[in-house]
């Protein structure tokens, strides 16, 4: 621990009655659970009436930006859902059997947490809407190549998947205590509007090893993009902003290009929050590249004139389970205008679904080819001088593709139908639970 390394006296964060060994699993001299440990209504009364309020209080009297302050913020947004103290006692005993001491144990716990977030997304439950496939995030990071000492920002961070994966990418590069301190405290920044997503994101970063995450709960779009100063800007932006949300009319006034599409407002925000020379990778609906409305066209022109949009990754259908839209990833660097765009059409060779999600191998070729902008059957260049200035259409049109798409195999079609049926059944079941 830090105290053992510095010689400082260790001061426990929690008062005695609220430590795990005091209330959750008090032991006798043999190391077994004492018979007088709280259970039933007494346990529920303690957790709901004493423990949670104690943790919430951290927000008011613990130094801001510390681990304790984050505990206060987390517990301010949650309540005890257990009604049976006997069920809670069983859960506490199961948790006590887990170990979180070594890096390997912590890594396993963070993997378990990520899996649960993913499952929430597959079942259409709260929290899962904030889940971006981790193989896609890792590929985006490998292309952007963040460096130690740079700041990384996600203004729609959800479950903080981009920030967690960026931390995992940078952590092996750390060579000193000072570098680790900077990575922990002055590298990763996020903002999130929704309370549940904010809590999930903070917990996710803590489990990955970031003790006091720099995530703020706020509506990013309330910030006027004309008011940003250099201190507000970042070296790297990684994000998957929400599609199709609705914002109040006064919020749209914060942006030079007025639009009702939330993702397009976020894209304007990201362009302004990026430092000159900074790099970004942003997931967005593929229709952004071709929409004929004035706002979409103006935003494409703004992006390509203020930034070098050097790469567009065209993602296959069902990359995002349950989303129902096709997406692209925009890779750009701020400061020089775009001359040509390298497109890559991702084809995993199978229909994606719950049982066949995107994996790291699917994206290996993209990352490899992108490093040299290699042309192939699925990758090509579009010169901006060849784009129709009236429509400014940048849509994905593979010049190497055959005129007609090959017919799909019956087995593939049946598998996709089965996947869709299963997803529909799970969504209906979830709706039934909410109505029960």
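The values are calculated or read from the model by the stated rules, or taken from the named source; none is laboratory data. Source: prediction; values computed, not measured. Cβ atoms come from the backbone with ideal geometry, glycine included; neighbour counts cover every protein chain shown.
Here is a check on your reading of the model: is residue 265 closer than 27 Å to residue 143 by Cα, assigned to a helix (DSSP H, G or I), in contact (Cβ under 8 Å) with a residue 40 or more places away in the chain and in contact with a helix residue (DSSP H, G or I) (Cβ under 6 Å, 6 or more places away or on another chain)?
The answer is yes for residue 265.
What number of residues within the stretch 14-27 are outside any helix (DSSP H, G or I) and surrounded by 11 or more Cβ atoms within 10 Å (Cβ to Cβ)?
In the first step, residues of the stretch 14-27 are kept if they are outside any helix (DSSP H, G or I); the result is 14-15, 19, 24-27.
From what's left, surrounded by 11 or more Cβ atoms within 10 Å (Cβ to Cβ): 14, 19, 24-27.
The qualifying residues number 6.
Examine the stretch 156-165 for a residue that is in the same structural domain as residue 270 (by TED's automatic domain parsing) and over 19 Å from residue 112 (Cα atoms), and state whether such a residue exists.
Within the stretch 156-165 (the criterion being in the same structural domain as residue 270 (by TED's automatic domain parsing) and over 19 Å from residue 112 (Cα atoms)), the answer is yes, since at least one residue qualifies.
Out of all the residues in the stretch 247-259, is one or more in the same structural domain as residue 132 (by TED's automatic domain parsing) and within 23 Å of the chain's Cα centre (by Cα)?
Looking only at the stretch 247-259, we keep the residues that are in the same structural domain as residue 132 (by TED's automatic domain parsing), and these are 247-259.
After this cut, where a residue has to be within 23 Å of the chain's Cα centre (by Cα) as well, the list is 247.
Yes.
Output yes when any residue across the stretch 197-218 is part of a strand (DSSP E or B) and free of Cβ contacts under 8 Å to residues at least 40 places away in the same chain, and no when none is. Full working, then the answer.
To start, the set of residues in the stretch 197-218 that are part of a strand (DSSP E or B) comprises 214-217.
From the residues that got through so far, the ones that are free of Cβ contacts under 8 Å to residues at least 40 places away in the same chain too are 216.
Yes, there is a match, as at least one residue in the stretch 197-218 is part of a strand (DSSP E or B) and free of Cβ contacts under 8 Å to residues at least 40 places away in the same chain.
For residues in the stretch 48-59 being touching a helix residue (DSSP H, G or I) at 6+ places or on another chain (Cβ under 7 Å) and in a helix (DSSP H, G or I), which is nearest to residue 190 (Cα to Cα)?
59
Here is a list of conditions, (1) under 24 Å from residue 109 (Cβ atoms); (2) in a loop (DSSP other than H, G, I, E, B); (3) out of contact with any helix residue (DSSP H, G or I) (no Cβ under 9 Å at 6 or more places or on another chain), and residue 175 meets all of them except one; can you say which number that is?
(1)
I need the full set of residues from the stretch 185-196 which are out of contact with any strand residue (DSSP E or B) (no Cβ under 7 Å at 6 or more places or on another chain) and not in a helix (DSSP H, G or I), in order please.
Within the stretch 185-196, 186, 193, 194 qualify.
Would you mind telling me which numbered condition in (1) modelled with pLDDT under 95; (2) within 20 Å of residue 192 (Cβ to Cβ); (3) buried (at least 17 other Cβ atoms within 10 Å of the Cβ) residue 248 fails?
(3)
Does residue 288 meet the test of being touching a strand residue (DSSP E or B) at 6+ places or on another chain (Cβ under 9 Å), free of Cβ contacts under 8 Å to residues at least 60 places away in the same chain and closer than 24 Å to residue 320 by Cβ?
Answer is yes for this residue.
Quickly run through the stretch 302-340 and pick out the residues that are more than 17 Å from residue 274 (Cβ to Cβ) and either at pLDDT 95 or above or surrounded by 20 or more Cβ atoms within 10 Å (Cβ to Cβ) (or both). Spell out how you get there, then give the answer.
Within the stretch 302-340, the subset more than 17 Å from residue 274 (Cβ to Cβ) is 312-328, 339-340.
Hits for the stretch 302-340 are 312, 313, 314, 315, 318, 319, 320, 321, 327, 328, 339, 340.
Assess whether residue 7 counts as being at pLDDT below 90, more than 23 Å from residue 97 (Cβ to Cβ) and exposed (fewer than 11 other Cβ atoms within 10 Å of the Cβ). Spell out how you get there, then give the answer.
Details: at pLDDT below 90: yes; more than 23 Å from residue 97 (Cβ to Cβ): yes; exposed (fewer than 11 other Cβ atoms within 10 Å of the Cβ): yes.
Yes: the conditions hold for residue 7.
Read through the list (1) assigned to a helix (DSSP H, G or I); (2) at positive phi, then give the number of the only condition that residue 244 fails.
Of the numbered conditions (1) assigned to a helix (DSSP H, G or I); (2) at positive phi, the odd one out for residue 244 is (1).
Looking only at the stretch 343-398, count how many residues are more than 17 Å from residue 133 (Cβ to Cβ), within 25 Å of the chain's Cα centre (by Cα) and surrounded by fewer than 15 Cβ atoms within 10 Å (Cβ to Cβ).
Qualifying residue count, the stretch 343-398: 2.
For the subset of the stretch 45-84 comprising residues that are more than 12 Å from residue 23 (Cβ to Cβ) and over 32 Å from the mean Cα position of the chain (by Cα), which member is surrounded by the fewest Cβ atoms within 10 Å (Cβ to Cβ)?
Per the stated criteria, the residue is 49.
Would a scan of the stretch 32-41 turn up a residue that is part of a helix (DSSP H, G or I) and either in contact with a helix residue (DSSP H, G or I) (Cβ under 6 Å, 6 or more places away or on another chain) or not assigned by TED's automatic domain parsing to the domain that holds residue 215 (or both)?
yes
Among the candidates 214, 204, single out the residue that is touching a strand residue (DSSP E or B) at 6+ places or on another chain (Cβ under 6 Å) and buried (at least 18 other Cβ atoms within 10 Å of the Cβ).
Of 214, 204, the one residue that is touching a strand residue (DSSP E or B) at 6+ places or on another chain (Cβ under 6 Å) and buried (at least 18 other Cβ atoms within 10 Å of the Cβ) is 214.
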